[in-house]
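Visitor: I have a structure I would like to understand better, so I am pasting it below and will then ask my questions one at a time.
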Amino acid sequence: PWDVRTRVTHPHPALANAQALTDLEGGAASLLIVADSEGRRGVTVASADALKRVLDGVLLDLAPVALDAGAAGPLVAGWLAEAAAGVAGAPLAFHLDPLSAWAEGQSLQPVAALVSEASQAAAELASRHPGASLFLASGRPVHESGGSEAQELAFALAAALAYAKALDARGLVPAATLPRIVLGVSVDAEPTLNVAKLRAARLVWSRLAAALGADSAPAVVEARSSRRMLARLDPWTN
């Protein structure tokens, strides 16, 4: 019911591909491709061919591939869908997350326009890849900005509700779409507090699911290592 997901960030697509394959061979079960057209925050992915180069040799029917493309999410998600066009039931995670991109200042567009664009892309991708998740409702921007655990979960749940409503406006009912929204949280070096936060995340998600008529949709959680707990210069090796 869980896997180890490795974050692929090398700016050069060919070297990012080598990193991804090495990680999968070494025990990782899925990939998170951090895509950036300029290669500043992740892999330089400015075209569908570049993304295909990153995924060369990755068995898309076995290794789930998730995206972190920020404000360019709808565009890059289309490229991922194209790369997996011949793979029936590929367990993709398009991770459209316009609210996080907006909160991090990646786009100057009005937030409503970003959510509308992402929901349109998600509606188009939903039928093409029925086994894929569509949105990532993440509280990480709040955590990385110094927010509390409660504030992080509140932002994530508000994002999930916003995405469910946006899909509902396009004719996709929450009972069908909520299972395709992933809940994103950060975990740091406080194991007891993090376990409590993950349990709380599942509880509040169940309340949201019940309110939307999707009682049978358990939370799918993607937990990423916190960036704010890391120092540029660290005297410890582990």
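Visitor: Considering only the other residues whose Cβ falls under 12 Å of the Cβ of Gly89, what net charge follows from Lys and Arg at +1 and Asp and Glu at -1?
Guide: Taking every Cβ under 12 Å from that of Gly89, the sum is 0.
Visitor: Report the extension gain between Arg128 and His12 in nm, rounded to one decimal, defined as 0.36 nm multiplied by the number of residues separating them, less their alpha carbon distance.
Guide: My answer for the length gained is 38.9 nm.
Visitor: Is it possible to state the helix-based mean residue ellipticity at 222 nm for the chain, with each DSSP H run of 4+ residues giving -39500 (n - 2.57), the sum divided by total residues, to the nearest 500 deg cm²/dmol? What is it?
Guide: -13500 deg cm²/dmol
Visitor: If you take the charge dipole of the range 1-49 about its Cα centre, with +1 on Lys and Arg Cβ and -1 on Asp and Glu Cβ, which of Val34, Ala46, Asn17 is farthest toward its positive end?
Guide: The listed residue farthest towards the positive side: Val34.
Visitor: Provide the packing ranking of 95-101, 209-215, 106-112, i.e. peptides ordered by the mean count of other C-beta atoms within 10 Å per residue, highest first.
Guide: 95-101, 209-215, 106-112
Visitor: For Glu82 and Glu25 in the same chain, what is the full-extension length gain: residue separation times 0.36 nm, less their Cα-Cα distance, in nm?
Guide: 18.1 nm
Visitor: How high is the relative contact order of the chain, in percent, with contacts defined as C-alpha pairs under 8 Å that are six or more residues apart?
Guide: Once divided by the residue count of the chain, the mean separation gives 13 percent.
Visitor: Say R0 is 30 Å: what FRET efficiency, to the nearest 0.05, do Val221 and Leu62 get from their beta-carbon distance?
Guide: Rounded to the nearest 0.05, the efficiency is 0.90.
Visitor: Let me ask something else. For the chain, give the magnitude of the charge dipole about the Cα centre (Cβ charges: +1 Lys/Arg, -1 Asp/Glu; no others), in debye to the nearest 20.
Guide: With only Lys, Arg, Asp and Glu charged at Cβ, the dipole is about 320 debye.
Visitor: So for each of 125-135, 67-77 I average, over its residues, the number of other beta carbons within 10 Å; can you give me the resulting order with the highest mean first?
Guide: Output ranking for 125-135, 67-77: 67-77, 125-135.
Visitor: Let me ask something else about it. Just to be sure I understand the model, the point goes 7 Å from the Cα along the line to the Cβ. What's the resulting Ala176 to Leu108 distance in nm?
Guide: 3.9 nm
Taken together, the values in this text are just the output of simple stated rules run on the coordinates, not laboratory data. The model shown is predicted, which means the values in this text are computed figures rather than measured ones. Counting neighbours? That spans all protein chains shown, and the Cβs are built from the backbone with ideal geometry, glycine included.
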